[in-house]
Every structure is written in C-alpha cells, then in structure tokens.
Amino acid sequence: MSFNKSYLGERQDIIGCIPVSTTRMLDIGCSVGALGRAAKTAVPGLYVHGIDYDADMAAVATEHLDEVTVADMDSFALAEGFPNASFDCVVMADVLEHLRDPWKVVRDVTEVAADGATVIACVPNVRHIDTLFNLVFRQRWPYRERGIHDRTHLRFFARGNLPGLMAQNGLEIVTVRTNYRLVERPSRLNRFARFLALPGLRGFLAFQYIVVARRLPRVAS
C-alpha cells in the first residue's frame, strides 16, 4: 500500500509550536500518524486523537496514536463527534485547503478547544512566485500531485487571508511562521530562500504559513 509522501512527515516545524504543557491534542488530517507520534515523543504523556478521511491511513495511524476517527471533515461535526471534549491543542496541518468550507471547520474547532488552547494550522501560500511564473509566462494553472498546486486543493490562501480564516469565534492569532522556498518542489536551492526573503519579496518566496492561535476564554452567559 502506497500513500502520497507529501503528507506523511513528522513536521518538526509544527511540533515546535505545540506547548510542552499540552495534555490532550486533536490532530485533524492525521494521515498515518507520523506527526502525532512525534508530538507524543516531544511531549511525554500527551494524548493524541487523530481524524482522517482515508481509512487506510487511519488504520496505520492507530498504531501510533491513542485513538483515531475516520471522518470527512466536510460533513463531520466536531461538537457531535466529541461531546464535552476539551482539547488544549488542535492541529490542522495541510488539511484546510482540501475542504469545501475550511472556515466552518475552524469555527467548529473552537467548540472542542479548551479555554487558552493552542490551535495550529498550516496552509500553502498561493502567492508564491511559482504561481505567478506559471500564470504569466506559461499561461496555465500548474496542477500537480503535491505542494501548493496539489490538484486536490479546493481552497487557496495568501497571507492576507489568514486573519479571516483564523481570527474568528474566539480565536486570536498569536504568531504566523513562514516556510520559504525558492522553487515550489523540494530542492537544495530552497536552503537559501530564507536569506533572500527580504521585505517586498517575502510573500513571493513563502511556501507555507503556520498560524498559531489561542482559544480565548469563553464569556459566561
């Protein structure tokens, strides 16, 4: 059985955003559980519940995570699936761009996140120079099997879309981290991207944005 390797990594850049005080984490789009497994290593005693729509990936993830739910986030209601849940960290890495209504999913996350919880999302930057090069010079949209232009992406984001995506329903953006690439595909050249990400150029070399938000305390009614 083979899977798209682009979505199987441990994502240490995401792991570094998870507070060491976290005890219960929800990993939406957990794939084969590599990220959750790495998180459990980095944060001893961490409980991780994964969700993925691919039953085969979820079956592998069960070997590494505490619990795994097979569900399509376009139709799955988090509050119904996790009644009385109180996760102090929710991760959505490389998943929101695949959904019909990612804004609804983010809103739903606030219902199962504890007050003060960390919410982490990673989305590709459609404003990358590779997009402009293909549209302007090659006069086509670069449909691909992975990356920014993965043909299964339904939604697209640039830096200016992040507040509208994350800063809603009790979420407050704490920081936005950037992964830079000179070329869209994996390449040794990409190690130099962060040095060339000068003011005015950063938005064109940003490959992914990692948004870290905080669930604000609920107001008693």
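A short reminder: the numbers here are calculations on the coordinates, not readings from a lab. All figures in this text were calculated on a predicted structure; none of them were measured in a lab. Counting neighbours? That spans all protein chains shown, and the Cβs are built from the backbone with ideal geometry, glycine included.
Can you give me the three principal axis dimensions of region 1-156 from its C-alpha atoms, in Å, biggest first?
For region 1-156, the Cα extents along the three principal axes come out at 51, 31, 28 Å.
So if each residue of separation counts as 0.36 nm, and I subtract the Cα-Cα distance between Ala167 and Lys104, what length gain in nm does that give? List each step's numbers first, then the result.
Working: separation 63, 0.36 × 63 = 22.68 nm, distance 1.24 nm.
Net length gain for the segment: 21.4 nm.
Assigning unit charges at the beta carbon (Lys, Arg +1; Asp, Glu -1) and nothing else, what dipole magnitude in debye, to the nearest 20, does region 1-148 show about its Cα centre?
Working: 13 positive and 21 negative charges, 139 e Å.
That gives a dipole near 660 debye.
Considering only C-alpha atoms, what is the centroid distance from region 30-77 to region 167-188, in Å?
That distance is 22 Å.
Run the numbers on the chain and let me know its relative contact order in percent, using alpha-carbon pairs under 8 Å that are six or more apart.
Computed over the chain, the figure is 18 percent.
Roughly what % of DSSP beta bridges within region 11-215 run antiparallel, to the nearest 5? Kindly include the intermediate steps, with their values, before the conclusion.
Working: 16 of 37 bridges.
DSSP beta bridges in region 11-215 are roughly 45 percent antiparallel.
Return the calculated 222 nm mean residue ellipticity for the chain, to the nearest 500 deg cm²/dmol, obtained by summing -39500 (n - 2.57) across DSSP H runs with n ≥ 4 and dividing by the residue count.
Details: 9 runs with 56 residues, N = 221.
That comes out to -6000 deg cm²/dmol.
With label points built 7 Å along Cα→Cβ from the Cα atoms of Tyr47 and Val219, find their separation and express it in nm.
The two pseudo-label positions are separated by 3.1 nm.
Round to the nearest 0.05 the FRET efficiency obtained for Leu198 and Arg146 when R0 = 22 Å and r is the Cβ-Cβ distance. Numbers along the way, then the final one.
Values: r = 27 Å, r/R0 = 1.25.
Efficiency computed from Cβ-Cβ geometry: 0.20.
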